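Colleague: Quick one: the structure is below, and I'll ask about it shortly.
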Amino acid sequence: MKLEDIKSPFDGAIVGQAPVSTVPDVDRAITQSELGADLWRHTPAHIRCAILLKAAELADERSEEIAHIISGENGKSLLEARGEASRSGEIIRLAAFEGSQLYGATLPLDANKGTGLEKIGFTLRQPVGVVVAISPFNYPALLVLHKIAPALAVGNSVILKPAQSTPLTAIALAKCFSDAGLPEGVLQVITGSGATLGDALVKDSRVRKISFTGSTKTGTHISGVAGIKKLSLELGSSCPVIVMNDADIEYATDAIALGGYINAGQVCISVQRVIVDESIMGNFLDALKPKVEAIKVGNPKDLENKVGTLISENEAIRVEKSISQAVSDGATLLTGGSRDGAVIQPAIVCGVDPASAFAQDELFGPAIAVSSASGIKEAIKLANSTIYGLGAGVFTKNVDLAIQSAREIDAGIIHINWTPLWRADLMPYGGLKSSGVGKEGVRSTVAEMTEEKTIILHGRSW
Ligand code: NAP
């Protein structure tokens, strides 16, 4: 099979190689996966659980090695890559546990008029079968594990298609499962171009579930071609944060200086729009600017640097252009925005028109768009003004405003007194509107990776 070089976005150094799969390879993988699904479905849950727990142990042991792979191919700082890799074992353990908890319900059939005590009904969950998991580049370990670990824990087989730019992390993680004793064919990694392989993976009727994380554009395409099968789509966003006039400004700016710039802003729950009550705008910007300017960016291997590169120089050029366009449209660049290769200096753009592309479209880069609002009603209206609805944050000490925000903001995850950039791996996680369909978070994923059947035992009256 043809191999391609995987290069560091920082200096172009070759960090590894990955196979370039073809459409016939997809067909072979699905055939193999059907066999894997049959075998794994008939493997008792306690054996599946034991293999996953062993894989978690291996992921823990290999955490430092995996962190170097993540940082090398993705360009995120080694500091951030270590944080990501260190969650691997725990996600697998959570999945192993949830996979052993497939309880059903007893149906009180005799409460249905005309039905007696001679019948018993209950629900039974079973794996869906062949799962195709398609993941993006930005969290090459975390987002892969949030799909494959719950899918495997409940007895599915998985074909994983990682982003073409970050296949090495996926391969290293898959090795933890195979070294732990996962039978052949139960987990396969297929690498190469999504544009080439995507339709073959998604359309095939032998595939019973697509679990996709990526852009809204690709998600829209997938939902158009998938046909009748289960679909989870974790898509794009332009997450808002509201800062009310009673907020603790130091605390809010500490959080925003993290939430807008971690992973060079390439996070679906990154802070993109900051909506500040107009009465505190001056104090807010004065507090935020030095904190953003203090973020060290550059060579991912340098432990002084909190933030590394974007995924490629082309992506950095795109973000640089978006910032320039916002300024041409009348906004002010308060700090940052300069580019060196794939590295962009963290930027604050203020006076942004909330209806402009800089606020409305997903930026996926290290810049925030600051706009003002007068009072909570206008702030919530602006928060809800994009096609997206993944995460949101509200800073206020007022309980009434917090409750109003929780009820009225149309986002899948709402943080009161923090930014959307926070996640516990067990919590339900997913967006509204064009940010997606379905939920991840280990327990939610387990539900989405299984089918529920209703069983009725028909006895005779005695
Ligand atoms: P992307 O371009 O949509 O790619 C995501 C994955 O889809 C990659 O593996 C890609 O393969 C594959 N793909 C491309 N074309 C395809 C097709 N026609 N059919 C099937 N698969 C195809 O997204 P990205 O740039 O990697 O990731 C950034 C996006 O992901 C952002 O929009 C971000 O918000 C979103 N995201 C969402 C969440 C969430 O939880 N909601 C989390 C993280 C990221 P190639 O790499 O080979 O093109």
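The values are calculated or read from the model by the stated rules, or taken from the named source; none is laboratory data. From a predicted model like this one, the values you see are computed outputs, not experimental measurements. Ideal geometry is used to build each Cβ from the backbone, glycine not excepted, and the neighbour counts take in all protein chains shown.
Colleague: When you go through (1) crowded, with 24+ Cβ neighbours inside 10 Å; (2) touching a Phe, Trp or Tyr at 6+ places or on another chain (Cβ under 8 Å) one by one for Val271, which number turns out not to apply?
Modeller: Val271 satisfies every listed condition except (2).
Colleague: Only one residue in Ser405, Ser435, Ser385 is surrounded by fewer than 22 Cβ atoms within 10 Å (Cβ to Cβ) and among the small types (Gly, Ala, Ser), so which one is that?
Modeller: Going through Ser405, Ser435, Ser385 in turn, the sole match is Ser385.
Colleague: Further question: Counting just the residues of the stretch 202-232 that are within 12 Å of the ligand (Cβ to nearest atom) and among the polar types (S, T, N, Q), which one comes out surrounded by the most Cβ atoms within 10 Å (Cβ to Cβ)?
Modeller: It comes out as Ser211.
Colleague: Looking only at the stretch 109-165, how many residues end up being within 12 Å of the ligand (Cβ to nearest atom) and assigned to a helix (DSSP H, G or I)?
Modeller: 5
Colleague: Out of the residues in the stretch 1-53 meeting the condition of being among the acidic types (Asp, Glu) and assigned to a helix (DSSP H, G or I), tell me which one is farthest from Gly155 (Cα to Cα).
Modeller: Going through the stretch 1-53, the residues among the acidic types (Asp, Glu) turn out to be 4-5, 11, 25, 27, 34, 38.
Remaining after also requiring assigned to a helix (DSSP H, G or I): 25, 27, 34, 38.
Values: Asp25: 23, Asp27: 21, Glu34: 12, Asp38: 9 Å.
Once the filter is applied, the top-ranked residue is Asp25.
Colleague: Given the residues Glu84, Glu73, which is the only one that is in contact with a strand residue (DSSP E or B) (Cβ under 6 Å, 6 or more places away or on another chain) and either assigned to a helix (DSSP H, G or I) or at positive phi (or both)?
Modeller: Of the residues listed, the single one that is in contact with a strand residue (DSSP E or B) (Cβ under 6 Å, 6 or more places away or on another chain) and either assigned to a helix (DSSP H, G or I) or at positive phi (or both) is Glu73.
Colleague: Further question: Could you list, in sequence order, the residues of the stretch 179-195 that are surrounded by fewer than 19 Cβ atoms within 10 Å (Cβ to Cβ) and within 8 Å of the ligand (Cβ to nearest atom)?
Modeller: Ser193, Ala195, listed by residue number.
Colleague: Tell me, yes or no, whether the stretch 281-298 has at least one residue that is assigned by TED's automatic domain parsing to the domain that holds Ile416, on the phi > 0 side of the Ramachandran plot and buried (at least 18 other Cβ atoms within 10 Å of the Cβ).
Modeller: Yes; the residues of the stretch 281-298 include at least one that is assigned by TED's automatic domain parsing to the domain that holds Ile416, on the phi > 0 side of the Ramachandran plot and buried (at least 18 other Cβ atoms within 10 Å of the Cβ).
Colleague: Report whether or not Ser405 is touching a residue at least 40 places away in the same chain (Cβ under 8 Å), of a type in the set (Gly, Ala, Ser) and out of contact with any strand residue (DSSP E or B) (no Cβ under 7 Å at 6 or more places or on another chain).
Modeller: Numbers: touching a residue at least 40 places away in the same chain (Cβ under 8 Å): yes; of a type in the set (Gly, Ala, Ser): yes; out of contact with any strand residue (DSSP E or B) (no Cβ under 7 Å at 6 or more places or on another chain): no.
Considered against the rule, which asks whether it is touching a residue at least 40 places away in the same chain (Cβ under 8 Å), of a type in the set (Gly, Ala, Ser) and out of contact with any strand residue (DSSP E or B) (no Cβ under 7 Å at 6 or more places or on another chain), Ser405 comes out as no.
Colleague: On the given criteria, is Ala56 more than 30 Å from Ala316 (Cβ to Cβ) and either modelled with pLDDT of 95 or more or not in a helix (DSSP H, G or I) (or both)?
Modeller: Details: more than 30 Å from Ala316 (Cβ to Cβ): yes; either modelled with pLDDT of 95 or more or not in a helix (DSSP H, G or I) (or both): yes.
Spelling it out, Ala56 is indeed more than 30 Å from Ala316 (Cβ to Cβ) and either modelled with pLDDT of 95 or more or not in a helix (DSSP H, G or I) (or both).
Colleague: Then there's this: Can you confirm whether Lys76 is among the basic types (Lys, Arg), assigned by TED's automatic domain parsing to the domain that holds Glu184, modelled with pLDDT of 95 or more and surrounded by 24 or more Cβ atoms within 10 Å (Cβ to Cβ)?
Modeller: Spelling it out, Lys76 is indeed among the basic types (Lys, Arg), assigned by TED's automatic domain parsing to the domain that holds Glu184, modelled with pLDDT of 95 or more and surrounded by 24 or more Cβ atoms within 10 Å (Cβ to Cβ).
Colleague: Being within 30 Å of Asp340 (Cα to Cα), in the same structural domain as Pro167 (by TED's automatic domain parsing) and surrounded by 22 or more Cβ atoms within 10 Å (Cβ to Cβ): is that true of Gly16 here? So that I can check it myself, show each step before the final result.
Modeller: Working: within 30 Å of Asp340 (Cα to Cα): yes; in the same structural domain as Pro167 (by TED's automatic domain parsing): yes; surrounded by 22 or more Cβ atoms within 10 Å (Cβ to Cβ): no.
So Gly16 does not fit the description; no.
Colleague: So the check is Cβ under 7 Å with 6+ separation or different chains; which pairs have a first residue in the stretch 260-279 that's farther than 16 Å from Ile344 by Cβ and modelled with pLDDT of 95 or more and a second one that's among the aliphatic types (A, V, I, L, M) and assigned to a loop (DSSP other than H, G, I, E, B)?
Modeller: Matching pairs, first to second residue: Cys268/Leu390; Ile269/Leu390; Ile269/Leu421; Asp277/Met244.
Colleague: Report yes if Glu64 is among the acidic types (Asp, Glu) and without any contact (Cβ under 8 Å) to a residue 60 or more places away in the chain, otherwise no.
Modeller: yes
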